[in-house]
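The values are calculated or read from the model by the stated rules, or taken from the named source; none is laboratory data. Since the structure is predicted, the reported quantities are computational estimates derived from the model, not experimental observations. Cβ sites come from the backbone with ideal geometry, for glycine too, and all protein chains shown count toward neighbours.
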Protein chains: 2
Amino acid sequence: MEMVRIDVGQRSETVRRANLSSIARELHAHGPLSRSELVTATGLTRSAIRGLIGEFVAAGLVTEERAAPLGTPGRPSTVVRLRPEQTVVLALEISVDSIAAAIVGLGGVVLARARAERPRGHTSVDDIVADLAALVAELEVGHPWRQASIGIGVAVVGVVRRTDGCVSMAPNLGWRDEPLGTRLARALVTTDRIDVANEADLGALAEHRRGAAVGASNVAFISGEVGVGGGLIVDGRPLTGAAGYAGEIGHIPLDPDGLPCRCGSVGCWETRVGEEALLRLAGLPEDGGHAAVDAVIRDAEAGDPRAVAAFEEVGRWLGIGLAGLVNVLDPELVVLGGRFARIHPHIVGSMAAQLERRALPAPRSLVRVVPAELGVDAPLIGAAELAFEPFLSDPATWLAIRAGRPQLASA
Amino acid sequence: MEMVRIDVGQRSETVRRANLSSIARELHAHGPLSRSELVTATGLTRSAIRGLIGEFVAAGLVTEERAAPLGTPGRPSTVVRLRPEQTVVLALEISVDSIAAAIVGLGGVVLARARAERPRGHTSVDDIVADLAALVAELEVGHPWRQASIGIGVAVVGVVRRTDGCVSMAPNLGWRDEPLGTRLARALVTTDRIDVANEADLGALAEHRRGAAVGASNVAFISGEVGVGGGLIVDGRPLTGAAGYAGEIGHIPLDPDGLPCRCGSVGCWETRVGEEALLRLAGLPEDGGHAAVDAVIRDAEAGDPRAVAAFEEVGRWLGIGLAGLVNVLDPELVVLGGRFARIHPHIVGSMAAQLERRALPAPRSLVRVVPAELGVDAPLIGAAELAFEPFLSDPATWLAIRAGRPQLASA
């Protein structure tokens, strides 16, 4: 339980702030809601809801309208609707094969989005930041986001120190200790808050808020790309660890005398289930990328024994590692994302057999393993959710700031 | 952030309850405190503190006294002191080699304690429950705890479903799906709340509240006994998982084609670092128990190469598994408990080398690995803390119940 330490003087202001936050979260998560639905969802009284909604309306963040009559008698309830273009975030993603940007309105409405392929391999932080800034400049032409912006979220394929947006290590990009947040702020010419996080952590957040894991409280999200990343949800909250480095599940040593890993260790899980492992098993060049993975899928679907066996072996090691995570974390749900969602039908059999063999009966009997729902954009959607978080936790502060600002012309 | 959903009518009662909880937690954690220290610790006003302490005094749970003058001018502050014998829990432990019981007063004061050896191996739940009841009956002679009891906590070497105190699996005892909580209630002839949890989880709780991990928010507690158990603290709270099964770190498959594990799987971590692995490496019978482990320690201290090598190999595998946990959880602190605390000097070198090699640089640079402080009683102390939790979360309810009860004669 979070402690509530409230003294008489601060009491009503603290309560007002918490209640504004409850309402903002409900509307952000569930879309337009009637006042009655907000009463049910928040436990607040009808009159309290009316007053709090009034504050959002005055700031131009929501509208209220009479619901269309449904043929039932009685007064129609008022529907409360966010105005997504009034409160937006910029979401950015730096992945192995591509970069992406999106302008996302409150409620998770994607107002504009762009993705550009990038060649694999080491790239300087200068080049990537410049490419992202160019992508944002393109989006900006049709969607002037800056005046309504409440923050920027960034997903990156690397280990990130959350406190300052420094990328401690990104082997796929060749980065060590790169101050990505600071560099982006300069390139985008902004003083907005910038939150940077690992792309698998944000994929997990996205699937939890808007995908396969909605409503689940204990979730392991496992994302297979070139490497293997993870994002963990514990008691409904992202597990960040002491400094935001948690979730590097691809680097559990499951085969300690095995193959060298790009992290410098030996026999990490990703040396057995990453893209290179699959391609090696299928007899293809390890650096074949997307196209080669697609070829293995086609071959397996055509019944080619080597492709089928390659998937079975990847599935076997996926199940071995999953069993360890299930025993340690007792999740109710495991979500397989990235490449794993795509190859799920081909690996599920051998994976399930290992899970059955190696997970303890009690946690195994409870856990479901499902493919992710949000596809390639999951980390980008998660980056937006990350950027919304300060607003959702304390909309009152933003209402106060907004009160000093003119409303947008587009309103 | 936990949501605060408080409406006008409930507001002051909710705040009172939360504030009583804050004060109870401070006194329980830190012992006698002056009113000034309580003001600092809780952020409440002096007058609010006075009123709330008054409630505890009226219920007979605390006393107030003038602090002895310290030669400084000004009014001496009033010291608030718990009366441990007024609010007690019964703590029980079922371990591989022994059973134990303690009567513990609020503030963590052990009022009475007893431990009895038990032979290793499978034992019926009937026999163990009867032995525990006999141990409690002995304690009870000198310490009539029942009238002041607020609950019972039980630590057991097994996988526990927290919701109903059912032991899903305890390979060391030979139990499957045993309703331990219910059986204990009957044997002890009590209607007190009984909370049952895994002994390593409770060892972690104890080290976090009163041992090596006080003040740390992200902790992995790793307990080596016959098997290997774990308890994880995430953001200051125990990680229980979806059904309370989390923390079974001994069953991470680190050596998937290795030795059979007592859980039914193959190559679990504990097959490499458990007591049997150490004894096997040292050339002793695997079932030699405590005495044999003591012999290996003596041999290693005398420089016997086989004993030294056995510890090095156990340390190596301990470091391999630790690296995986550090990469997944990013803890600030790893606490080595149980047998691992005892053999720590002999394993720390090879363990640290593997951690250095296999943990990612960022989380590795932050984590400290230390031996546990509470020794063999850690799970018993954790069982007491578990039983105090409902009171600490909401002392107001207990004050109301207490108001209907006569005060104890021993008061």
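Overview of values
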| read-out | value |
| --- | --- |
| Subset of region A:268-292 [within 16 Å of A:HIS251 (Cβ to Cβ) and touching a Pro at 6+ places or on another chain (Cβ under 7 Å)] | A:CYS268 |
| Some residue of region A:371-380 being at pLDDT 95 or above, within 14 Å of another protein chain (Cβ to nearest Cβ) and at negative phi | no |
| Yes/no for A:ARG193 being over 19 Å from A:PRO371 (Cβ atoms) and in contact with a Pro (Cβ under 8 Å, 6 or more places away or on another chain) | yes |
| Selected residue [closer than 27 Å to B:ALA246 by Cβ, part of a helix (DSSP H, G or I) and modelled with pLDDT under 95] from A:ALA352, A:ALA341 | A:ALA341 |
| Filtered residues of region B:381-411 (kept if modelled with pLDDT of 85 or more, surrounded by 14 or more Cβ atoms within 10 Å (Cβ to Cβ) and farther than 18 Å from B:ARG209 by Cα) | B:ASP394, B:PRO395, B:ALA396, B:TRP398, B:LEU399 |
| Residue in region A:82-95 that is surrounded by 21 or more Cβ atoms within 10 Å (Cβ to Cβ), modelled with pLDDT of 95 or more, out of contact with any His (no Cβ under 8 Å at 6 or more places or on another chain) and among the small types (Gly, Ala, Ser) present | yes |
| Residue match in region B:201-214 (condition: within 14 Å of chain A (Cβ to nearest Cβ), among the aliphatic types (A, V, I, L, M) and not in a loop (DSSP other than H, G, I, E, B)) | yes |
| Of the criteria (1) within 14 Å of another protein chain (Cβ to nearest Cβ); (2) modelled with pLDDT under 85, which one A:ARG75 fails | (1) |
| Strands (runs of 3 or more DSSP E) enclosed by region A:91-200 - at least 1 residues per element that are farther than 27 Å from A:SER21 by Cβ | A:98-105, A:109-117, A:149-156, A:159-161, A:166-170, A:175-178 |
| In region B:279-304, residue farthest from B:HIS346 (Cα to Cα) [restricted to those that are touching a helix residue (DSSP H, G or I) at 6+ places or on another chain (Cβ under 8 Å) and in contact (Cβ under 8 Å) with a residue 60 or more places away in the chain] | B:ASP287 |
| In region A:325-346, the residues that are surrounded by 22 or more Cβ atoms within 10 Å (Cβ to Cβ) and either within 8 Å of chain B (Cβ to nearest Cβ) or over 24 Å from the mean Cα position of the chain (by Cα) (or both) | A:LEU325, A:ASN327, A:VAL328, A:LEU329, A:ASP330, A:PRO331 |
| Of all residues making up region B:194-215, the number that are surrounded by fewer than 18 Cβ atoms within 10 Å (Cβ to Cβ) and either among the hydrophobic types (A, V, I, L, M, F, W, C) or touching a Gly at 6+ places or on another chain (Cβ under 9 Å) (or both) | 1 |
| Single unsatisfied condition, A:GLY153 versus (1) of a type outside the set (D, E, K, R); (2) more than 30 Å from A:THR63 (Cβ to Cβ); (3) at pLDDT 95 or above; (4) touching an Asp or Glu at 6+ places or on another chain (Cβ under 9 Å) | (2) |
| Unmet criterion (only one of (1) among the hydrophobic types (A, V, I, L, M, F, W, C); (2) farther than 24 Å from A:ARG120 by Cα; (3) more than 11 Å from chain B (Cβ to nearest Cβ); (4) in contact (Cβ under 8 Å) with a residue 60 or more places away in the chain) for A:VAL189 | (4) |
| Tally, over region B:243-271, of residues that are over 25 Å from the mean Cα position of the chain (by Cα), farther than 14 Å from B:PRO171 by Cα and either assigned to a loop (DSSP other than H, G, I, E, B) or more than 8 Å from every other protein chain (Cβ to nearest Cβ) (or both) | 7 |
| The one condition in (1) buried (at least 16 other Cβ atoms within 10 Å of the Cβ); (2) more than 10 Å from chain A (Cβ to nearest Cβ); (3) among the hydrophobic types (A, V, I, L, M, F, W, C) that B:ALA352 fails to fulfil | (1) |
| Region B:1-18, subset facing another protein chain (nearest Cβ under 7 Å) and at pLDDT 80 or above, residue nearest to B:GLU65 (Cα to Cα) | B:ALA18 |
| Any hit, region B:358-376, residues being in a helix (DSSP H, G or I) and closer than 24 Å to B:HIS290 by Cβ | yes |
| Filter result for the condition that a residue is in a helix (DSSP H, G or I), of a type outside the set (D, E, K, R) and under 30 Å from A:GLY158 (Cβ atoms), over B:ILE297, B:ILE347, B:ILE320 | B:ILE320 |
| Filter result for A:LEU38 (modelled with pLDDT of 95 or more and either loosely packed, with under 15 Cβ neighbours inside 10 Å or closer than 30 Å to A:GLN147 by Cα (or both)) | no |
